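A short worksheet on the structure shown next.
Every number in this text was worked out from the coordinates using simple rules, so none of it is lab data. These figures come from a predicted structure and were not determined experimentally. Positions of Cβ are generated from backbone atoms using ideal geometry, with glycine treated the same way; all protein chains shown enter the neighbour counts.
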Amino acid sequence: MRGQLHRWLRGTRRLFWPAVGIAGIGYAIVGSHFDLARTLRLAAHVNLADYAAAVAVFYLASVLRASRWRMLLRNAGERTGLATDWRALMLGWLVNGLIPARTGDLYRAQLLRRRYPIPISKTLGTIVLERLVDFAVMFVLLAGSALVLFRGHLPAPFGAVLIGISSLLTVLLLVILVSRLLRWDVWGHVPARLAQATARFRAGFVAAPGTLPLLAGITLVLWLTEGARLYLVLHALPLPSFSLVQVLLVALAGSALTGVPGLPGGAVLVEGGIVAALAYFGLCSSAALSVAILDRGINYWSVLLLGMVLVAASQPLLRTSLKRLRLHPALRRRR
């Protein structure tokens, strides 16, 4: 009986954040000026062909993301299979959607370690590099879109944010280039017991970029698919048209909010950001909420659903990986 209660509580905890997301959207509808009837009417008139195309774009992009990660691992001297990398990526997104603090990245490394003899610290080096390149290319696109949209006259708060992010980005890129070209061990001054792990992390982080223009080009295509997905969602609804730059800016802003570590998958925050951005460009809040719900149905709720299907198909592997993940020192330090 006690064991059954423990399992029930553990399952309830995993569903906590999705429940918070649903409750947040419900509160926004009930406690504000959203016209629920209009929101539901718009959602009911969705063009299924366009919406299916948006879903297809999202999952084709996930395969490209897995291919990029496979390329990074190969550059670091590790050979993996694309199907295994994609599955680990999707299950990592599932964990990120259920647990805050980007725990899914560590879980993704653990899953790969289960199939291949690749040290977790080395895999984490490739994932950290992947995140930094994502951030860099997204910032360039975000800044470029804003400059085009505002015709070079950025609002003061937005300009200050861009300056701050660009300064941080410059420092991070310099660290990558210096570490790779001059082979400067920036992690060398650590306790001796961590020396092996940091050396493996460095091997993944420094060697993985390979050809930087190719890596940047793939990442650029990935971010453009974010805009393409949102464009198809907007096109699937009977709404006024938006310029491609406006759509890209909204999509990038929503993607940036998914990275907030305190919220799994940016629950509630992303929806609010999309609604606010679309409302800024003249769309009524009720229609903007329809867009946010349909878009998040693709990049959040469908990921949870697919992840649960993958979990159900591999219960023995999942139990072993989660047990090792709970015992991992990095996760214990987070707690």
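Each label point was placed 7 Å from the Cα along the Cα-to-Cβ direction; for residue 67 and residue 128 their separation is 2.8 nm. Residues 223, 93 in ascending order of nearby Cβ atoms (within 10 Å, fewest first): 223, 93.
Legend: ranking of residues 38, 102 from fewest to most surrounding C-beta atoms inside 10 Å; resulting order 38, 102.
Here the Karplus relation 6.51 cos²θ - 1.76 cosθ + 1.60, evaluated at θ = phi - 60°, turns the backbone of segment 104-117 into coupling constants of x, 5, 5, 5, 4, 5, 5, 5, 5, 5, 5, 8, 10, x Hz, with x for every Gly and Pro.
Remark: spin-label model distance residue 281-residue 140 equals 2.2 nm, labels positioned 7 Å along the Cα→Cβ axis.
The residue 114 and residue 83 beta-carbon pair, evaluated with R₀ = 22 Å, returns a calculated FRET efficiency of approximately 0.95. Available extension along the chain between residue 214 and residue 309 is 30.9 nm, counting 0.36 nm per residue and deducting the alpha carbon span.
Modelled spin-label separation between residue 221 and residue 52, with each label point placed 7 Å from Cα along the Cα-to-Cβ direction: 2.5 nm.
The order of 79, 65, 74, going from fewest to most other C-beta atoms within 10 Å of their C-beta, is 79, 74, 65.
Report the extension gain between residue 37 and residue 147 in nm, rounded to one decimal, defined as 0.36 nm multiplied by the number of residues separating them, less their alpha carbon distance.
On the way: separation 110, 0.36 × 110 = 39.60 nm, distance 3.66 nm.
Computed gain between residue 37 and residue 147 is 35.9 nm.
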